[in-house]
Amino acid sequence: DEIQCAAARVVAAIRDRARRRDPTGNPDGTFDSFHIRRGDFQYKATRLEADQIYENTKDELQEKATVFVATDHQGKPFFKPLADHYDLVFLSDFKEELKDVNTNYLGMIDQLVASRGRVFFGCFHSTFSGFIFRMRGYHSQKEKVEGWDQGVLPKSYYYSGKREKSMYQSYGPLRTPYYSREFPISWRDIDKGVEELSAFEV
């Protein structure tokens, strides 16, 4: 549909950019991604400055990598501590790919594009990030990437740098509060019945 096609055009453009920047080392045009929530988000502990986000995430990212940032923050100067190390791109950089697209769709397109990053860092407690994690789970099942059979997402993290950073590195059963994160039950064995799942050992 229109949203999926628009997101695919942006993903293709980012991959082409990444490939052109390093044709030998990155022939597939791999890129990484963030969702950085700022705005009026009520969870102040997740509203980190960009230099702290860099410190919390640098071990999982490659210097000078192309990184797509989905965000509600309007000012690019905020991201300078990240831009000093990575080739940052934003949805607003792809006006040609998004011409004539209904602006009400841009948030969903942001999510779809971010879900295709090699490594993804999201914002804890953000349901916007949560749906990106869920889509990465769907991708993992379809493409059978590392950890798919256990429902884990080895390259998906939170950037807060606390205990929740690596939540998706292991299987997590449902627990409250449900809104603060996604759970592997959303994507692993989604087509199996209750009887099959009840016999499964975590």
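The values are calculated or read from the model by the stated rules, or taken from the named source; none is laboratory data. This structure is a prediction, so every number in the text was calculated from the model and none was measured. Quick reminder, even Gly has a Cβ in these numbers, built from the backbone with ideal geometry, and neighbours come from all protein chains shown. In case anyone asks, the SASA skips ligands and DNA or RNA and just uses the protein heavy atoms, side chains included. Shrake-Rupley method; radii C 1.70, N 1.55, O 1.52, S 1.80 Å.
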Residue in region 55-73 that is open to solvent by 40 Å² or more (accessible area, probe 1.4 Å), of a type in the set (S, T, N, Q) and modelled with pLDDT under 95 present | no
Look at region 163-197 and say how many of its residues are part of a helix (DSSP H, G or I) and over 18 Å from the mean Cα position of the chain (by Cα).
-> 7
Please give the number of the condition R163 fails out of (1) farther than 23 Å from R9 by Cβ; (2) in contact with a helix residue (DSSP H, G or I) (Cβ under 9 Å, 6 or more places away or on another chain).
-> (2)
Given (1) surrounded by fewer than 20 Cβ atoms within 10 Å (Cβ to Cβ); (2) closer than 26 Å to E2 by Cα, number of the condition L174 does not satisfy = (2)
Counting residues that are closer than 15 Å to V11 by Cβ and without any contact (Cβ under 8 Å) to a residue 60 or more places away in the chain, which strands (runs of 3 or more DSSP E) fully inside region 34-126 reach at least 2?
-> 66-71
Output the qualifying pairs, or none if there are none: Cβ atoms under 8 angstrom, residues six or more apart or on different chains, first residue in region 139-167 and closer than 30 Å to D51 by Cβ and open to solvent by less than 50 Å² (accessible area, probe 1.4 Å), second residue of a type in the set (S, T, Y) and assigned to a loop (DSSP other than H, G, I, E, B).
-> V152/S170; V152/Y171; K165/Y159
Is it true that some residue in region 13-26 is within 21 Å of F133 (Cα to Cα) and crowded, with 17+ Cβ neighbours inside 10 Å?
-> yes
Please enumerate the residues belonging to region 129-162 that are farther than 12 Å from R181 by Cβ and either among the acidic types (D, E) or assigned to a helix (DSSP H, G or I) (or both).
-> M135, R136, Y138, H139, S140, Q141, K142, E143, E146, W148, D149, Q150
Picking from T24, T57, the residue that is of a type in the set (V, I, T) and over 16 Å from the mean Cα position of the chain (by Cα) would be T24
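Across region 144-162, what is the total count of residues that are more than 16 Å from the chain's Cα centre (by Cα) and at pLDDT 95 or above?
0
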